[in-house]
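Please read the structure below before turning to the comments.
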There are 2 protein chains.
Amino acid sequence: MKWQQRKSWETRCKLLNAALTCLERDGFHSFRLDRVASEAGVSKGALTHHFSNKDDLLVHAIEKVLDEFVDALARGVEEFHDDHLTLDGFLDLMWQHMSGQLYMVTLEIALKARHEPGFKDLLTPQVRHFHSRIDDIWQQLFPHLSPERASHLMNLSMNLLRGMGTQSVFREDSEYFNELLRAWKAMLRQQVAS
Amino acid sequence: MKWQQRKSWETRCKLLNAALTCLERDGFHSFRLDRVASEAGVSKGALTHHFSNKDDLLVHAIEKVLDEFVDALARGVEEFHDDHLTLDGFLDLMWQHMSGQLYMVTLEIALKARHEPGFKDLLTPQVRHFHSRIDDIWQQLFPHLSPERASHLMNLSMNLLRGMGTQSVFREDSEYFNELLRAWKAMLRQQVAS
DNA sequence: AAAAACAAACCGTCAAGTCGGTTTTTATTG
DNA sequence: CAATAAAAACCGACTTGACGGTTTGTTTTT
């Protein structure tokens with residue numbers, strides 16, 4: 001029980017990464033299990049061995065990407081407290097992730113969940129956990145504000161970034177998004193100061 | 001050339017509405033032409049007679065919904081100038097539309113466009129036209145601000161609402177969204193005043 | 001008569017899931 | 001320490017069902 005365990009974990013990991021790659025590249029509508037398998041360099045049989053079906057694979061893939069995002073933010077807040085990162089820098093970190101693979105993948109999944117109650121139920125616990133972790137992070141970011149106010153500012157920021165992520169589908173213009181971000185940072189500083 | 005023209009226009013319209021209904025209810029992944037036909041109360045043959053294929057139907061449907069949205073905002077800005085609508089009320093109007101059929105449909109379409117360059121090319125002119133009309137509206141809303149500043153505030157607002165629309169998939173809690181909106185209105189007033 | 005509006009059967013394609021089989025690793029036993 | 005049984009990892013052909021587009025036929029209008 002050693003070589004097998006490790007090998008198993010490795011192919012599982014390869015499959016999850018391949019699933020995320022395919023989901024971002026092809027979208028859920030054109031998400032094909034055999035393409036995931038070939039992207040991971042294993043057979044379709046191996047995939048079905050590790051994940052009982054499409055939904056199972058997707059749920060675990062989304063779990064992975066959300067965890068990695070929150071981990072990155074948690075490291076960010078540490079740097080913030082050590083004065084190695086400004087508030088602006090923290091927002092840059094958020095945008096860096098939200099404009100990459102993460103957001104598009106969660107968007108694809110969210111739309112799927114919207115139309116499949118069973119799948120949504122599978123995801124809801126993950127989503128709740130994700131939000132509570134992010135909420136914690138913002139409470140740490142602004143310990144001098146009331147928890148409600150910190151949550152508000154966090155949710156406004158997250159939703160702004162979500163919207164920007166969505167708009168980036170049709171408008172590929174990083175300078176424009178940087179400007180928006182700059183404007184938001186200024187408003188946020190104002191709110192935090194008052 | 002009269003009964004025919006009218007009948008034709010009627011079934012076209014029924015088909016477009018049915019397409020929007022199906023797209024919001026089922027999502028693009030489960031968007032089926034025969035379901036659109038039965039939703040519209042016509043046969044599949046009628047559908048293929050009016051629209052050459054799926055993409056053609058979708059492009060015209062999205063055109064319709066975007067036009068209706070901007071028309072509503074245009075009426076809103078008139079009421080604003082006649083002092084029948086406050087800035088808060090105008091944002092409520094925007095959120096009312098963005099939290100309804102409009103945004104979910106555009107989201108489905110945006111994700112499709114993201115993975116199908118040909119389809120994206122079909123939509124890009126529509127999207128540009130949409131944005132220029134919305135931009136005009138915000139310029140009319142804030143004639144005393146610089147065009148750049150008005151555009152900034154518009155894009156921040158739109159993207160915030162987009163993000164809220166996205167989040168509403170997992171969080172059905174209208175009071176929460178009203179609170180966020182209230183906070184944003186306050187910040188926006190501050191920005192407009194200064 | 002001709003063209004438009006509509007109906008519905010048909011077919012080719014394509015992917016998810018199933019399943020019997022193969023190879024490799026781990027546990028057991030004399 | 002083999003020998004071997006058992007279990008896990010993996011492979012890929014096949015079935016099955018579904019849907020988009022085509023095509024042929026029918027009715028109604030001009």
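The values are calculated or read from the model by the stated rules, or taken from the named source; none is laboratory data. In this text the structure is predicted, and so the values were computed from the model without any measurement. Heads up, the Cβs are rebuilt from the backbone with ideal geometry, glycines too, and the neighbour counts pull from every protein chain shown.
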Qualifying residue in region A:167-177 (condition: assigned by TED's automatic domain parsing to the domain that holds A:Leu66, part of a helix (DSSP H, G or I) and of a type in the set (Lys, Arg))
no
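For region B:162-194, what are the residues that are in contact (Cβ under 8 Å) with a residue 24 or more places away in the chain, within 20 Å of the chain's Cα centre (by Cα) and more than 7 Å from every other protein chain (Cβ to nearest Cβ)?
B:Gly165, B:Ser168, B:Phe177, B:Leu181
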Expected single match for in a helix (DSSP H, G or I) and surrounded by 21 or more Cβ atoms within 10 Å (Cβ to Cβ) among A:Ala113, A:Ala72 is A:Ala113
Determine which member of the set A:Ala18, A:Ala46, A:Ala37 is closer than 24 Å to A:Leu123 by Cβ, outside the structural domain of A:Leu111 (by TED's automatic domain parsing), without any contact (Cβ under 8 Å) to a residue 60 or more places away in the chain and within 9 Å of DNA strand D (Cβ to nearest atom).
A:Ala37
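Here is a yes/no grid of residues against (1) outside the structural domain of B:Asp136 (by TED's automatic domain parsing); (2) without any contact (Cβ under 8 Å) to a residue 24 or more places away in the chain; (3) away from DNA strand D (no atom under 16 Å from the Cβ):
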| position | (1), (2), (3) |
| --- | --- |
| B:Leu58 | no, no, no |
| B:Leu73 | no, no, yes |
| B:His84 | no, yes, yes |
| B:Leu93 | no, yes, yes |
| B:His97 | no, no, yes |
Residues in region B:1-45 that are within 11 Å of DNA strand C (Cβ to nearest atom) and charged (D, E, K, R): how many?
8
Per the filter on region A:145-157, residues assigned to a helix (DSSP H, G or I) and either at positive phi or more than 7 Å from every other protein chain (Cβ to nearest Cβ) (or both) are A:Pro147, A:Glu148, A:Arg149, A:Ala150, A:Ser151, A:Leu153, A:Met154, A:Ser157
